[in-house]
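The values are calculated or read from the model by the stated rules, or taken from the named source; none is laboratory data. What you see is a predicted model, and the numbers here were worked out from it, not measured in a lab. Note that we place each Cβ from the backbone using ideal geometry, even for glycine, and neighbour counts take in every protein chain shown.
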Amino acid sequence: MSTDVAQGGTLPLPEPHDGVPSTAQPDLDAALATLRERASAWTMVDLPARIDLLDRLVQSTLDAAPAWVVAAADAKGIPQDSPARGEDWASGPVVLLRNLALLRRTLAQIHDTGRPQPPGIRTRQDGQVVVDVMPADLVDRVLFTGFSAEVRLQPGVTQVEAEARMGRIYREGYRPEPGVTLVLGAGNVSSIAPMDTLYQLFALDRVVVLKMNPVNEHLGPHLGEALSPLIREGFLRIVYGGSEVGRYLTDHDEVDAIHITGSDKSYEAIVFGPGEDGQRRKEAGEPRIETPVSAELGNVTPVIVVPGPWSPRDLDFHGENIASMLTNNAGFNCVAARVVVQHRAWAKRRALLEAIRSSLRDAEPRVPYYPGARDRWERFVDTYGSAETFGPDGTGQVPFTLIPELDPDQDPDLAVTTEAFCGVMAEVALDTPRSIPDYLDAAVELCNERLWGTLAAAIIVHPRSLADPMVADAVERAVERLEYGSVVLNHFPGAVYAFSSPPWGAFPGADPADIQSGTGIVHNTFLLEDVQKSVVHGPFRPPTKPLWFQSNRALARVGPHLAEFAGTGAKRALGPLLIGAARG
């Protein structure tokens with residue numbers, strides 16, 4: 001990454017006011033004391049007992065799900081009759097239930113065979129090991145028809161080493177030290193905190209104190225119900241508070257590791273400290289704490305469009321596809337589409353832009369529930385006079401916004417170096433020779449060298465384009481060269497998060513002084529090590545409208561059935577789920 005990008009990152013994310021009362025320090029100490037006492041006991045819980053615990057967690061999450069979803073949607077200001085209320089089924093209980101089910105499957109495989117059993121593992125001609133993780137069963141094939149996912153491991157790791165390291169905390173003779181992890185939960189997506197908690201427990205063998213983010217701390221009781229089997233056993237405690245409570249916990253002697261989902265500014269405050277002293281430590285590379293910190297911190301997410309023989313239906317589909325990458329969760333996602341990259345010479349470039357505009361015009365206005373959204377939005381529209389807005393504008397509103405024709409070499413670089421974290425995205429048209437391979441090389445260079453972040457990227461390419469060997473080779477070369485923890489073909493990069501089996505996190509190797517999207521991984525239900533990136537292939541146009549499209553009206557109806565099927569694979573949920581999805 002270029003050094004000027006390091007000056008970007010995320011804009012300030014202020015804390016909300018008048019939230020849940022903070023947990024008192026004596027109660028924080030008591031929670032940590034319990035966890036310290038139970039840390040060794042957790043490492044001694046054997047596979048059958050952990051499988052039983054996961055079964056109980058599936059049931060407790062199903063029980064908690066309806067009230068959890070209502071509370072989440074109400075707090076976001078989503079009307080009772082809005083299809084967008086289904087969004088909190090998909091991003092909340094459904095993905096948590098899928099994570100639980102996949103962990104259970106992996107632990108059962110280890111119990112029966114001695115190690116996880118991903119669908120495939122192979123070594124490419126260049127020596128890189130690739131592990132296929134999806135589809136692995138009927139649930140994958142039904143929920144994600146036509147999708148596949150693979151995990152590319154770090155160069156130099158052999159297939160023998162990869163197989164030996166899968167799930168090795170469960171191998172006899174290998175146990176990490178008992179430990180307590182502080183999980184600082186995200187405020188935007190309700191499943192992030194519990195899924196980060198599961199990874200610490202079942203992949204890293206550490207008990208957890210989870211501090212709810214002030215933005216969604218109202219969901220704490222619902223998450224407490226969902227995770228109640230862990231709480232009853234003393235393996236999890238949920239606490240509340242803002243930055244003062246966070247600072248007290250990050251500095252606590254009983255905390256052995258920290259995991260945060262948030263902004264790079266929050267990470268820097270933890271690792272180096274706030275203010276001028278923190279900046280001095282950062283510049284000197286002198287962390288103020290020795291506790292290891294893993295983190296997922298956001299992204300200026302690129303969507304690279306490969307020119308091809310797109311029909312009007314293709315343009316309409318992917319106009320909505322790209323628009324939905326922005327409108328989902330009102331734009332408060334770390335993988336919302338932020339920069340659409342196109343070839344200026346492509347004859348259909350403007351038609352795709354118009355399809356995006358059309359979808360944004362039809363999008364339901366959303367309440368900007370995340371603190372500071374209006375201020376961040378104003379900074380972008382004040383910077384770019386070409387910004388186009390869609391939807392109502394006024395006090396307490398943030399319209400979806402497109403900044404077309406952005407020239408990173410001439411215009412201010414705010415949109416490429418700074419995550420807006422609201423409903424704003426830009427479009428960049430590259431002037432390159434007409435060769436698609438040359439264009440893709442230039443697009444990768446833009447993403448790697450100019451865009452801030454390393455979390456996830458998308459490439460959209462027509463199947464007839466891939467029939468040309470030169471284009472197919474160029475797309476594969478782009479997938480290889482993109483320095484992102486996830487690369488998704490044809491769909492929302494958030495798919496990697498939702499699938500759970502692929503590892504989720506930034507591209508490895510970030511410097512703490514320029515952390516960008518973070519360090520470490522989560523989810524990763526096959527318990528792989530030495531991960532470089534996750535790669536997802538999806539159909540250019542699936543047979544049914546994806547549930548995450550902003551015009552899909554089925555998700556709220558099928559949410560409960562989707563949750564049951566994701567968690568249990570129950571066939572009784574399959575019929576209503578398929579019928580509802582087909583009517584979306």
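General observations
- Scanning the range 292-315 for residues that are of a type in the set (Val, Ile, Thr) and either over 24 Å from the mean Cα position of the chain (by Cα) or surrounded by 23 or more Cβ atoms within 10 Å (Cβ to Cβ) (or both) yields 300, 301, 303, 304, 305, 306.
- Exclusive hit being surrounded by fewer than 20 Cβ atoms within 10 Å (Cβ to Cβ), farther than 17 Å from residue 208 by Cβ and out of contact with any Asp or Glu (no Cβ under 6 Å at 6 or more places or on another chain), set 247, 232: 247
Conditions (1) part of a loop (DSSP other than H, G, I, E, B); (2) surrounded by fewer than 21 Cβ atoms within 10 Å (Cβ to Cβ); (3) not small (Gly, Ala, Ser), marked per residue:
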position: 45; (1), (2), (3): yes, yes, yes
position: 52; (1), (2), (3): no, yes, yes
position: 62; (1), (2), (3): no, yes, yes
position: 73; (1), (2), (3): no, no, no
position: 91; (1), (2), (3): no, no, no
position: 107; (1), (2), (3): no, no, yes
position: 110; (1), (2), (3): no, no, yes
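- Scanning the range 122-158 for residues that are of a type outside the set (Val, Ile, Thr), in a helix (DSSP H, G or I) and surrounded by 16 or more Cβ atoms within 10 Å (Cβ to Cβ) gives 140, 143.
- Annotation: of all residues in the range 253-291 being exposed (fewer than 13 other Cβ atoms within 10 Å of the Cβ) and free of Cβ contacts under 8 Å to residues at least 12 places away in the same chain, the one that is nearest to residue 421 (Cα to Cα) is 275.
Conditions (1) in the same structural domain as residue 357 (by TED's automatic domain parsing); (2) surrounded by fewer than 22 Cβ atoms within 10 Å (Cβ to Cβ); (3) charged (D, E, K, R); (4) more than 24 Å from residue 456 (Cα to Cα), marked per residue:
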| residue | (1), (2), (3), (4) |
| --- | --- |
| 532 | no, yes, no, no |
| 539 | no, yes, no, no |
| 545 | no, yes, yes, no |
| 554 | no, yes, no, yes |
| 560 | no, yes, no, yes |
| 572 | no, yes, yes, yes |
| 576 | no, yes, no, yes |
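- Of all residues making up the range 498-529, the number that are closer than 18 Å to residue 91 by Cβ and either part of a loop (DSSP other than H, G, I, E, B) or touching a helix residue (DSSP H, G or I) at 6+ places or on another chain (Cβ under 7 Å) (or both): 8
- Taken residue by residue, the range 9-20 has at least one member that is of a type outside the set (Asp, Glu), touching a helix residue (DSSP H, G or I) at 6+ places or on another chain (Cβ under 7 Å), crowded, with 21+ Cβ neighbours inside 10 Å and outside any loop (DSSP other than H, G, I, E, B).
- Qualifying positions in the range 372-392 - in contact (Cβ under 8 Å) with a residue 60 or more places away in the chain and touching a helix residue (DSSP H, G or I) at 6+ places or on another chain (Cβ under 8 Å): 379
- Scoring residue 564 on the criteria (1) touching a Leu at 6+ places or on another chain (Cβ under 7 Å); (2) part of a loop (DSSP other than H, G, I, E, B); (3) at pLDDT 90 or above leaves a single failure, condition (2).
- Test: residue in the range 24-37 that is under 25 Å from residue 208 (Cα atoms), free of Cβ contacts under 8 Å to residues at least 12 places away in the same chain and in a loop (DSSP other than H, G, I, E, B): yes
- Helices (runs of 4 or more DSSP H) contained entirely in the range 376-474, each with at least 2 residues that are more than 30 Å from residue 14 (Cα to Cα) and in the same structural domain as residue 354 (by TED's automatic domain parsing): 436-449, 463-466
- Hits in the range 335-375 - residues which are part of a loop (DSSP other than H, G, I, E, B), surrounded by 17 or more Cβ atoms within 10 Å (Cβ to Cβ), of a type in the set (A, V, I, L, M, F, W, C) and out of contact with any strand residue (DSSP E or B) (no Cβ under 7 Å at 6 or more places or on another chain): 346
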